[in-house]
Amino acid sequence: MFPSRPLLLIGTAISCASADCATISVTYNFAPQEAQVAIDHAASIWEGILVSPVPIKAMVTWIPMNGSVLGITFPNGRKDFTGAPVPQTWYATALANSIAGQELNPGENDIEIYLDASTDWYFGLDGATPSGQQDLVSVALHEMGHGLGFVGLSKKEGATGSLGLLLASDFAPLTTTFPWPELDSLPGIFDRFLVHPQNGPLDLMENPGPTLGSAMSSNQLRFNGPLTMIANDGEAPRIYSPSNFALGSSCVHLNEATYPVGNANELMTPFNSAGHANHWPGPLCLAMLRDIGWNLAPDVGMVEPCARSPLLELWPNPVQSELSISGIIAGANVVIRDVEGRTVMVLQGGSSIDVSGLAPGPYLVSTEAGGLAKHGRLIKR
Ligand SMILES: [Zn+2]
């Protein structure tokens, strides 16, 4: 039972201001026409957010799944492609293609989504979802989010947790049309940001192993991407990691209780509420996509628009002592934060600052005023 709620979170399909905006083409198996319209609408919302020179290919299959789940998504994956930011790490092909600037998987889909044909769906685009019905635009937007890389490779058997040991048979009878790769016990890029508050990053734990297993069902997992932490006031947001590990739900969603129905970040939690709609990914999801490597349209969200073309110019970069900055918003301070999101320096006025006291490493440099923000990445030598 879910009460009806005010629809505060309905976004409109924005058009990407950049010539590089993504295109998403969806092919359908068995989906009724009215479902296709709603799913295409969800794709158009993502098109307004993502920047990619390579068209994204999604396939949606509409089959009864006994009402137990609304949808399941299988992202195609690549690792160690040209330009891969982190080696020995899986990336969703939609993301890998955008980073590589070329199609790495010709003839294969990037994203394959199953949606439950037996669910009582609301097909409208307006978010006025009647009580008792599931909003298809919301669920399609959520599933596409997984396909774009909001997903990991975690699994737990008995007390043993693993990353990168998922098998096609774990999801039978569902299958993918693209070949299931040998995952080689390697994590996905999303997994590399998962941390346990006491035991540290999951990707540094014995894999497979019991410490990893207990972390995955600790109810304490967090995502510590630097842009995500900045978007979350310096704190790593909670990841769904309940005491009973659930394949496909645990470790690949924001925490349901932390981001309940009506929260701006509810879209990427594991449960969708009937009679409710949300057509926008929310600031945390957008920051998480940026942390895993997505280039998002400049007008989207609150954090840096594009790691590859920062609006705040910093030089020299890497820097040892004197840093020059151009593009500071008039009257605003410049704030330098470390990867934990902690403010380490503030520049008030001027356009240069002595950073020789900073420890070597990466930093995010920001200038923010009146809802406007510019950011740049800095490396201190
Ligand atoms: Zn999900």
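The values are calculated or read from the model by the stated rules, or taken from the named source; none is laboratory data. These figures come from a predicted structure and were not determined experimentally. The protein model used for the area step is the full one, side chains on, heavy atoms only, and it has no ligands, DNA or RNA in it. Shrake-Rupley method; radii C 1.70, N 1.55, O 1.52, S 1.80 Å.
For F190, F271, F171, F30, give the ranking by accessible area with the largest first, probe 1.4 Å. Please report the intermediate quantities before stating the final value.
On the way: F190 5, F271 120, F171 45, F30 160 Å².
Putting F190, F271, F171, F30 in descending order of accessible area: F30, F271, F171, F190.
Counting heavy atoms of the protein chains alone, M59 has an accessible area of about 30 Å² for a 1.4 Å probe. Computed from backbone phi with θ = phi - 60° and the Karplus coefficients 6.51, -1.76 and 1.60, the 3J(HN,Hα) list for the stretch 181-188 is x, 6, 7, 6, 6, 9, x, x Hz; x is used for glycine and proline. Sequence-ordered 3J(HN,Hα) estimates for the stretch 147-164 from the Karplus curve with 6.51, -1.76 and 1.60 and θ = phi - 60° stand at x, 7, x, 7, 6, x, 10, 7, 7, 9, 10, x, 8, 9, x, 8, 10, x Hz, glycine and proline given as x. Classify the stretch 24-291 as rounded, prolate or oblate from the Cα gyration tensor: take a ≥ b ≥ c as the square roots of its eigenvalues, call it rounded if a/c is under 1.5, otherwise prolate when a/b beats b/c and oblate if not. Judged from the Cα gyration tensor, the stretch 24-291 comes out rounded (a/c under 1.5).
Within straight cross-link reach of K380, meaning Cα distance under 13 Å, which aspartates and glutamates are found once same-chain residues fewer than 8 apart are removed? K380 reaches E322, D338, D354.
Computed with a 1.4 Å probe on the full set of protein chains, the accessible area for R238 sits at about 60 Å². Amide H contacts of W90: G188, I189, each under 5 Å away and 5 or more positions distant or on a separate chain (H built 1.01 Å from N in the peptide plane; Pro and chain starts excluded). The H on the amide N of A297, modeled in the peptide plane, is under 5 Å from the matching H of L50, V51, each at least 5 residues off or on a different chain. Residues whose amide H lies under 5 Å from that of I24, counting only those 5 or more places away or on a different chain, are I56; hydrogens are built 1.01 Å from N in the peptide plane. Among the aspartates and glutamates, which have Cα under 15 Å from the Cα of K79 when same-chain residues fewer than 8 positions away are ignored? The reachable aspartates and glutamates, counting only those whose Cα sits under 15 Å from K79, are E103, D110, E182, D184, D191.
Whole-Hz Karplus values for the stretch 285-296 come out as 4, 5, 5, 5, 4, 5, 4, 7, x, 6, 9, 9 Hz, taken residue by residue from phi with 6.51 cos²θ - 1.76 cosθ + 1.60 and θ = phi - 60°; glycine and proline positions read x.
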